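Let me begin by presenting the structure, written as structure tokens, before commenting on it.
The values are calculated or read from the model by the stated rules, or taken from the named source; none is laboratory data. Quick caveat: nothing in here was measured; it's all calculated off a predicted structure. Positions of Cβ are generated from backbone atoms using ideal geometry, with glycine treated the same way; all protein chains shown enter the neighbour counts.
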Amino acid sequence: MSECALQITGGTIVTEYGTFKANLGIDDEGKISHVVSPDVRLKSRETISAQGLLVLPGAVDSHTHLGDPGLTHREDFYTGTAAAAAGGITTVLDHPQTKPIVDCLERFEEKRRTVSERAVVDFGLWGAVTPDNVSPRGSRSGELEKMVEAGACAFKGFMTFGSEMPRLHDGIIRAAFQRTAPLGVPVGIHAENGELVKYMEEEFRATGQEDPLLHTVSRSEMTEVEAVSRLVFLAKDTGARVHCVHLSVPESVDVITAARKDGYKMTAETCGHYLTLTSEILSQKGAFGKCNPPLRSARCVEGLWDRLARGEIHSMGSDHAPYHPDEKRADSFWSAPAGLTGTQLMPTLVLSECLRRGIPLELAVRILSSNNARIFGLYPKKGTIAPGSDADLFFFDPKKRWVVTGEELLHKWKWCPFEGREITGKVRLTLVRGTVVFDDERPERITVKPGHGKFVKPPRCCKG
């Protein structure tokens with residue numbers, strides 16, 4: 001009889017390659033040691049029953065803003081990763097818009113040390129692309145390479161004004177692609193036409209127009225599609241890996257699909273809110289429904305689902321970007337920051353909608369877990385259920401009906417755009433490297449101390 005530290009019995013395993021009944025064995029190092037027929041019982045010190053539940057690879061959230069360090073009045077790494085664990089997310093990849101922004105090795109290492117003491121789940125870190133670290137004449141030239149050596153999983157840049165990071169003009173974006181291509185890491189770009197957005201917002205401010213739905217006019221569908229199209233031209237002949245984050249318009253995905261057919265190394269990310277909410281939320285919740293790009297029409301929602309079902313969306317991120325409620329209650333809608341909470345609900349929303357729409361759950365696993373692990377260099381350590389992989393798993397009850405309330409949410413501030421929504425399907429249990437970190441049936445649902453989560457360093461050159 002085979003031996004292991006922990007066995008999981010009775011569950012239905014869902015991977016990107018298929019759905020099947022199996023028992024799992026986990027060794028003392030927190031790795032999967034056995035995937036065996038359900039009639040095979042392993043010798044183990046502990047057994048967890050997953051009877052009646054789906055067992056999936058832990059989700060990899062490619063897009064979080066957990067506020068640590070420097071912005072912990074909004075979120076911190078403990079509360080943010082606790083919420084992630086409650087959502088079945090076992091690895092978060094946190095973006096560099098902290099204070100200070102992560103644009104050099106010193107700040108990268110400072111952030112890694114700070115958040116390591118607080119993490120509930122495993123984590124990777126993005127670095128920032130700025131004019132100073134891209135240009136050979138910049139004061140931080142050479143820092144991109146140093147951050148990659150230290151374990152940066154990707155770099156982030158903006159085509160828009162007004163973020164915590166400087167807007168990148170086309171020359172810097174092109175130079176960033178040339179600079180990062182030999183490093184093999186993706187460059188994630190927030191793709192909206194900054195000049196158009198700035199002009200429209202200034203016009204609405206100047207004329208005193210405060211209707212929240214004007215957010216979708218100032219940041220029209222065209223501003224995103226144009227920016228994504230421009231990225232294709234800027235990436236030409238560079239060999240860069242371009243990751244277009246939080247796409248909200250189906251035609252943006254079409255641009256990337258066409259570019260990939262021409263040999264471009266481009267990937268498309270969308271978010272749970274763009275698949276499940278429309279711009280009507282802005283009328284209902286005002287600034288508490290404000291995000292960039294904005295929520296779109298029902299046409300866009302359905303169009304994104306069509307592309308997802310065809311395999312043309314490669315990545316799912318929550319873009320969890322919480323703010324203190326007082327920041328959202330600014331005197332003017334235009335002054336209120338853009339950002340939604342979402343990491344705790346993202347996998348549940350996607351799985352629930354896939355079940356409702358008849359989309360195979362294998363496809364959901366691919367975009368929630370396996371592809372993100374591949375894109376950011378973590379596969380097969382993360383993103384799959386196979387011998388030798390980390391035992392990062394979550395149990396999902398596909399029949400559980402519940403209503404989203406603030407009390408359910410583990411992130412710092414309990415507001416979210418989905419409050420009051422009835423959902424079918426709920427995360428029951430989450431394991432990180434074979435240890436239960438979240439148990440929905442225990443009074444204290446987080447079952448580990450801060451610091452259980454570990455920094456995940458990808459190989460120097462990621463593959464995607």
Unique residue being more than 19 Å from the chain's Cα centre (by Cα), assigned by TED's automatic domain parsing to the domain that holds residue 120 and on the phi > 0 side of the Ramachandran plot when the list is 434, 358, 420: 358
Would you confirm whether any residue within the stretch 57-69 is more than 22 Å from residue 121 (Cα to Cα), aliphatic (A, V, I, L, M) and touching a residue at least 12 places away in the same chain (Cβ under 8 Å)? no
What number of residues in the stretch 261-279 are of a type in the set (A, V, I, L, M) and assigned to a helix (DSSP H, G or I)? 1
Could you go through the stretch 239-246 and let me know if any residue there is part of a loop (DSSP other than H, G, I, E, B), touching a residue at least 12 places away in the same chain (Cβ under 8 Å) and within 21 Å of residue 321 (Cα to Cα). yes
Which residue, of 287, 268, is small (Gly, Ala, Ser) and under 17 Å from the mean Cα position of the chain (by Cα)? 268
Quickly run through the stretch 86-134 and pick out the residues that are in contact with a helix residue (DSSP H, G or I) (Cβ under 7 Å, 6 or more places away or on another chain) and outside any loop (DSSP other than H, G, I, E, B). 89, 92, 105, 108, 109, 115, 123, 125, 127, 131, 133, 134
Give the residues of the stretch 163-180 that are more than 18 Å from residue 140 (Cα to Cα) and in a helix (DSSP H, G or I), sorted by residue number. 170
What tally of residues in the stretch 51-79 results from selecting those that are of a type outside the set (Phe, Trp, Tyr), outside any strand (DSSP E or B) and buried (at least 21 other Cβ atoms within 10 Å of the Cβ)? 10
When residues of the stretch 183-213 are filtered for being part of a helix (DSSP H, G or I) and touching a residue at least 24 places away in the same chain (Cβ under 8 Å), how many remain? 10
Checking the condition in contact with a Ser or Thr (Cβ under 8 Å, 6 or more places away or on another chain) and at pLDDT 95 or above, which residue from 275, 282 passes? 282
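Residue-wise test of (1) over 24 Å from residue 355 (Cβ atoms); (2) over 17 Å from the mean Cα position of the chain (by Cα).
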residue	(1), (2)
29	yes, yes
42	yes, yes
48	no, yes
66	yes, no
76	yes, no
Which numbered condition residue 37 fails, given (1) farther than 18 Å from residue 164 by Cα; (2) assigned by TED's automatic domain parsing to the domain that holds residue 269: (2)
Hits in the stretch 280-318 (condition: within 26 Å of residue 406 (Cα to Cα), out of contact with any Asp or Glu (no Cβ under 9 Å at 6 or more places or on another chain) and part of a loop (DSSP other than H, G, I, E, B)): 290, 294
Scanning the stretch 135-155 residue by residue, those farther than 18 Å from residue 372 by Cβ, in a loop (DSSP other than H, G, I, E, B) and touching a residue at least 24 places away in the same chain (Cβ under 8 Å) turn out to be 135, 140
Which numbered condition in (1) of a type outside the set (Phe, Trp, Tyr); (2) over 19 Å from residue 432 (Cβ atoms); (3) without any contact (Cβ under 8 Å) to a residue 60 or more places away in the chain is the only one that residue 380 fails? (2)
Which ones in the stretch 229-257 are of a type outside the set (S, T, N, Q) and more than 19 Å from residue 275 (Cα to Cα)? 230, 231, 232, 233, 234, 235, 236, 237, 239, 240, 241, 242
Filter result for residue 368 (buried (at least 18 other Cβ atoms within 10 Å of the Cβ), more than 29 Å from residue 412 (Cα to Cα) and touching a Pro at 6+ places or on another chain (Cβ under 8 Å)): no
Can residue 320 be described as within 17 Å of the chain's Cα centre (by Cα) and over 17 Å from residue 88 (Cβ atoms)? no
Quick test for you: out of 92, 102, pick the one residue that is more than 30 Å from residue 395 (Cβ to Cβ), assigned by TED's automatic domain parsing to the domain that holds residue 320 and buried (at least 24 other Cβ atoms within 10 Å of the Cβ). 102
